[in-house]
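The values are calculated or read from the model by the stated rules, or taken from the named source; none is laboratory data. If you're wondering where the values come from, they're calculated on a predicted model, not measured in any experiment. Ideal geometry is used to build each Cβ from the backbone, glycine not excepted, and the neighbour counts take in all protein chains shown. For accessibility, only protein heavy atoms count, side chains too; no ligands or nucleic acids. Shrake-Rupley method; radii C 1.70, N 1.55, O 1.52, S 1.80 Å.
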Amino acid sequence: HAQGLRDELGLGSGPIADIFTLIELDLGIRLYQRRLKSNSKVSGLFAFDPSVGACILLNANHRWGRRVQSAAHELGHFTGTRQMPEVLEENEQFLSREERYAHAFGRAFLTPRKSIEESFKQLTAGASKLTRRHVILLAHQYHISREACVRRLEELELVRKGTWDWFEKHGGITDKHA
C-alpha cells in the first residue's frame with residue numbers, strides 16, 4: 001500500500017523531501033503540529049470525520065525526525081483504517097493489527113526497500129563495518145531520524161539485529177557527531 005500511494009503521488013522510490021507538505025497539499029489532510037504537555041506520551045494522533053475530513057496531530061515537542069516518523073505512521077492509519085481514530089504513544093508496542101499496519105506502512109513509505117538498500121550499498125561500498133558517518137548520511141538522505149534509519153536497516157537485514165543498541169551503548173549517534 002505504501003508503494004501504491006507513492007506511485008499515485010508520483011514520488012518514485014527515492015527519499016521524500018517534505019512529508020508535511022505532501023500530507024497537507026497533495027493529500028489534503030489537515031496537519032497540526034502542537035506542543036503538548038511535557039509529560040505527554042502522545043507522539044501523533046489521527047482522526048477522520050466525513051464532514052471535516054482527515055486530521056493528523058503531531059507532538060511538536062518531539063524532534064523533527066521523530067515527527068516525520070509519526071506523520072508517516074499516522075498516514076498509515078489514513079490509508080488503512082481511516083474510520084478509526086488512533087493515538088500513537090511513545091514506546092508503543094504496536095500490538096493491534098491496525099498499529100502493526102500503520103507502523104509497517106510508515107517505514108515502507110519513508111524508506112522503500114529497494115531504494116534504501118541501494119543507497120546503503122552505495123554508501124558503504126568497500127567499508128568493513130557500519131559507522132556513525134554512514135548512519136548520519138543515510139538518515140539525512142531519507143529525512144528520518146538516525147535511530148529510525150538503523151532500525152530499518154536491521155529490519156531489512158542489512159545490518160545485524162541490535163546494531164542500534166550497540167551504538168547506544170557506545171556513545172550513541174549524537175547531533176555533535178553529525
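Summary table below
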item: Test: residue in region 92-115 that is among the β-branched types (V, I, T) and modelled with pLDDT of 95 or more; result: yes
item: Flag if A71 is open to solvent by less than 30 Å² (accessible area, probe 1.4 Å), under 29 Å from Y32 (Cβ atoms) and modelled with pLDDT of 95 or more; result: yes
item: Residue ID - farthest from G65 (Cα to Cα), chosen from residues in region 120-142 that are open to solvent by less than 50 Å² (accessible area, probe 1.4 Å) and in contact (Cβ under 8 Å) with a residue 40 or more places away in the chain; result: I136
item: Single residue of region 74-91 satisfying the filter (modelled with pLDDT under 85 and under 15 Å from the mean Cα position of the chain (by Cα)) that is surrounded by the fewest Cβ atoms within 10 Å (Cβ to Cβ); result: N91
item: Whichever residue in region 1-44 is β-branched (V, I, T) and free of Cβ contacts under 8 Å to residues at least 60 places away in the same chain and, among such residues, is nearest to P112 (Cα to Cα); result: I23
item: Checklist (1) open to solvent by less than 40 Å² (accessible area, probe 1.4 Å); (2) under 26 Å from R113 (Cα atoms); (3) not hydroxyl-bearing (S, T, Y) applied to A54, failing item; result: (2)
item: Qualifying residue in region 23-44 (condition: under 16 Å from G106 (Cα atoms), at pLDDT below 95, open to solvent by 60 Å² or more (accessible area, probe 1.4 Å) and out of contact with any Phe, Trp or Tyr (no Cβ under 7 Å at 6 or more places or on another chain)); result: no
item: Selection count where residues are assigned to a helix (DSSP H, G or I) and more than 14 Å from K129 (Cα to Cα), scope region 155-167; result: 2
item: All positions within region 143-177 that are at positive phi and open to solvent by 90 Å² or more (accessible area, probe 1.4 Å); result: E157
